Amino acid sequence: MTGFFRPELERALRVAAVLVLVGAIVVPVRWGYEQRQQARTWQQTACAYRLREVTRATNSLVGGDRRGNACAVLRQLGLDLDTTP
């Protein structure tokens, strides 16, 4: 006598135990992956809002009369491009 239950029932219990063990590993990994995806989405949203704020501040800083000459505006803001080779 090797087991407490009938061999078919023991086999079924072993399969169920393996499935529970695999589920105990896969479910937290899947949850962590989903949380990471949500964090990336929120980060992209925050960056988009920040970029919109910077653009809004830059538009008020630059004004509407100098939009045709971007290099002059950059020089005025102290962001001159380095054109030396």
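Which of the following residues is open to solvent by less than 90 Å² (accessible area, probe 1.4 Å) and modelled with pLDDT of 80 or more: GLN35, GLN43?
Every option except GLN35 fails the conditions.
Among the residues of segment 1-27, how many are part of a helix (DSSP H, G or I) and open to solvent by less than 70 Å² (accessible area, probe 1.4 Å)?
Of the residues in that region, 6 qualify.
The values are calculated or read from the model by the stated rules, or taken from the named source; none is laboratory data. Because the structure is a prediction, the values reported are computed rather than measured. Surface accessibility is based on the protein's heavy atoms, side chains included, excluding ligands, DNA and RNA. Shrake-Rupley method; radii C 1.70, N 1.55, O 1.52, S 1.80 Å.
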